[in-house]
Amino acid sequence: MVDLHTHSTASDGTLEPAELVRKAMDCGVKALSLTDHDTLSGLKEAAAQASELDMKFIPGIEISADFSPGTMHMLGYYVDADDSVLKQKLSWLREGRDRRNTLILQMLEKQGYPVEMRELEVYAKGESVGRPHIARAMVAKGYVGNEEEAFNRFLAKGGPAYANKERMNPTRAMELVIGAGGLPVLAHPQTLDLNSTELADLLAELKEAGLAGVETYYFSHSEEEMFLYKHIADDLDLIVTGGTDYHGPGFKGIELGRGLGGMMVPDEVVDRLEEEHKARSGS
């Protein structure tokens, strides 16, 4: 069992990096990647725990990229957790998150739902603080019944408490991943809001800039979407990858390695990633 898209308390997950690895082992996951939002801070702890448990671990990252009409996230696999250039740019992205958080809290207060920045510290245990932490604070204060309601009513794109943030050009995001020794992979193409022709054109363009793969297996992708993404990836000779986007127990009913129950990432995905990584790195 493989899961190449997970989050820890280093960003907006609820399990510590080492705890996440232990949970994955208990769930039968044999190969795991930690892909926290805009931070590398949890990778060493997770890698150390995976080594102790003899689990295959791929250090990862998920970077917010500038895109319209939908939203784009770029995954990076095999990134060097100590790469100074990548760390500097990720710091810039986190500063943008902080500015957005301030705007969101100001809008919530105007609408009668005050949340103070210090209250987020209860939920944000890492250096990357974002909307999920605000949603958890809103649940705790009784403003909404759950995090999903917080997003649907207030925090989602177009919502009354939504604020945009600084994002990185997709090509620049890939350059940073590659510069840190990693493989860039487009996350959950479903969120791009593109038709099949537009998506194929975009992926062809991104491949020219260094894209290595497409996240095809994902908890919210339908069978039809997965078939489409795999077809386009195969046509472009891109690696098909997948993961659950696990954030912790109870989050949207997602289980490590299984998504909502029926999603399974083929083991050979890891083999293809390893082969491509060795080919690009010359090792």
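No value in this document is a laboratory result; all are computed from the given coordinates. Note that the structure is predicted; figures quoted are calculated from it, not measured. Cβ: placed from backbone, ideal geometry, glycine included. Neighbour counts: every protein chain shown.
Counting only trypsin sites (Lys or Arg not before Pro) that are in a DSSP loop and have at most 14 other C-beta atoms within 10 Å, tell me the longest site-free stretch of the chain.
Working: sites that count: K141, K157.
Between the exposed loop sites, the longest stretch runs 1-140.
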If each DSSP helix of 4+ residues adds -39,500 (n - 2.57) and the sum is divided by the residues in the chain, what number results at 222 nm, nearest 500 deg cm²/dmol? -12500 deg cm²/dmol
Give a quick list of GluC sites (Glu not before Pro) in the range 79-183 that DSSP marks as loop, anything other than H, G, I, E or B, with at most 11 other Cβ atoms within 10 Å. E116
Over the chain, one equal point on each Cα, no solvent: what is log10 I(q)/I(0) by the Debye formula at q = 0.09, 0.13, 0.14, 0.17 Å⁻¹? -0.40, -0.86, -1.01, -1.50
Fluctuation leader among P132, P160, P184 - the chain, Gaussian network, Cα springs under 10 angstrom: P160
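Percent relative contact order of the chain, based on C-alpha pairs within less than 8 angstrom and at least six residues apart?
On the way: 542 pairs, mean separation 63.3, N = 283.
After rounding, I find 22 percent.
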By how many nm would the segment from E224 to T197 grow when fully extended, if each residue of separation counts as 0.36 nm and the alpha-carbon distance is taken off? 8.2 nm
Counting only DSSP beta bridges with both residues in the chain, tell me the antiparallel percent, nearest 5. 40 percent
Cross-link pairs K157/K230; K23/K89; K125/K165; K87/K230 - those with Cα-Cα distance over 24 Å: K157/K230; K23/K89; K87/K230
